[in-house]
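So the structure is just underneath, and the comments pick up after that.
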Amino acid sequence: MAIINLILYSFIAGLSTVFGVYLVRRFESLVKKRIIFLVSFSIGVLLATAFFHLLPESVELSQSWFYWALGAVIALYLMEHFIILHSCQEEHCEVHSLGATSLLGIGFHSLIDGIIIGLAFKISFAVGVLSSLAVIFHETAEGVFVYTFLLYDETDRKKALFYSWLVALATPFGAIITFLILDQVPRFILGWFLAAAAGSFIYIGASDLIPATHKEYSFLNIFLVLLGIAFVLGIGRFLG
């Protein structure tokens, strides 16, 4: 039953990227104006899932959890710096060129999301669902960004959609492989990976999403961040 839940939620999480793509294709002007609200809600969901579920579970399983949480933050920073940001040749460009290397980095990020879901379902159904929801919300926003950036980079629309599907499928692939490989892994090692997963969520929320909300100041953004936190707490209590 656990593997069925994993497959279901990981595929939904992966398809949320494609859903974001189809949203921007169908309602381009509206989505670009309102996407910041989804980003704000995603911040609350990501941070609450990391601090209230992933980190506490990792603390129970391993005493060296903090090394792995910090290590994940540093690793993602380096990957983003050398792969995503390095592709921008202009001094102050706001939209970075999405060449093959950058697209590979984004696909790797989706793979990490899948690994996080696989790890979370190893702990419990509740943690798995919450981690999946966190991925779903921020992957939907990421789908909008990826497709928009690809078009900005003068990529053909059909080719951009194809690339978006490849990025989306990396999530369930990572989840299923991780779940199967970790079947015999000791609990303390699982704690390391959960701490790294928490660090990944914290980095994505703090480094990628929060700065985006500062570009458009609104009390609604603040409210939606808090609503995202409340949403995770409510779902966590409901699932037990």
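Regarding the chain, what is the average projected area of its C-alpha convex hull, in nm²?
Result: 12.7 nm².
Within the chain, what's the longest run with no GluC sites (Glu not before Pro) in a DSSP loop and at most 15 other beta-carbon atoms within 10 Å? Give the range, please.
Value returned for the longest uninterrupted segment is 1-89.
For a footprinting-style exposure proxy, rank Ile204, Ile36 by other Cβ within 10 Å, fewest first.
The most exposed by this proxy come first: Ile36, Ile204.
Tell me the label-point distance for the pair Phe238, Phe51, using the 7 Å Cα-to-Cβ offset, in nm and rounded to one decimal.
2.2 nm
How many angstrom lie between the Cα centre of region 28-67 and the Cα centre of region 118-197?
Spelled out, the Cα-based centre of one part sits 13 Å from the other.
If you wrap region 33-85's Cα atoms in a convex hull and average its projection over all directions, what's the area in nm²?
The directionally averaged projection comes out at 4.8 nm².
Rank these for me by crowding, Leu194, Leu130, going from fewest to most other beta carbons within 10 Å.
Final ranking by Cβ density, sparse to dense: Leu130, Leu194.
Please identify the chymotrypsin sites (Phe, Trp or Tyr not before Pro) of region 136-217 that satisfy two criteria: DSSP loop assignment and at most 15 other Cβ atoms within 10 Å. Which are they?
For chymotrypsin sites (Phe, Trp or Tyr not before Pro) across region 136-217 that sit outside H, G, I, E and B with at most 15 neighbouring Cβ atoms in 10 Å, the list reads Tyr217.
Report the label-to-label distance for Lys215 and Phe125 in nanometres (one decimal), using points 7 Å from each Cα along the Cα→Cβ vector.
For the pair Lys215/Phe125, the computed spacing is 4.1 nm.
Quick check: the angle from helix 187-203's long axis to the longest principal axis of the chain, C-alpha only, nearest 10 degrees?
30 degrees
Please report Ile115, Ile177, Ile74 as a ranked list, fewest other C-beta atoms within 10 angstrom at the top and most at the bottom.
Arranged by neighbour count, lowest to highest, Ile115, Ile177, Ile74 become Ile74, Ile177, Ile115.
FYI, it's all coordinate maths here, none of it is from the lab. Note that the coordinates shown come from a computational prediction; the quantities given were computed from them, not determined experimentally. Heads up, the Cβs are rebuilt from the backbone with ideal geometry, glycines too, and the neighbour counts pull from every protein chain shown.
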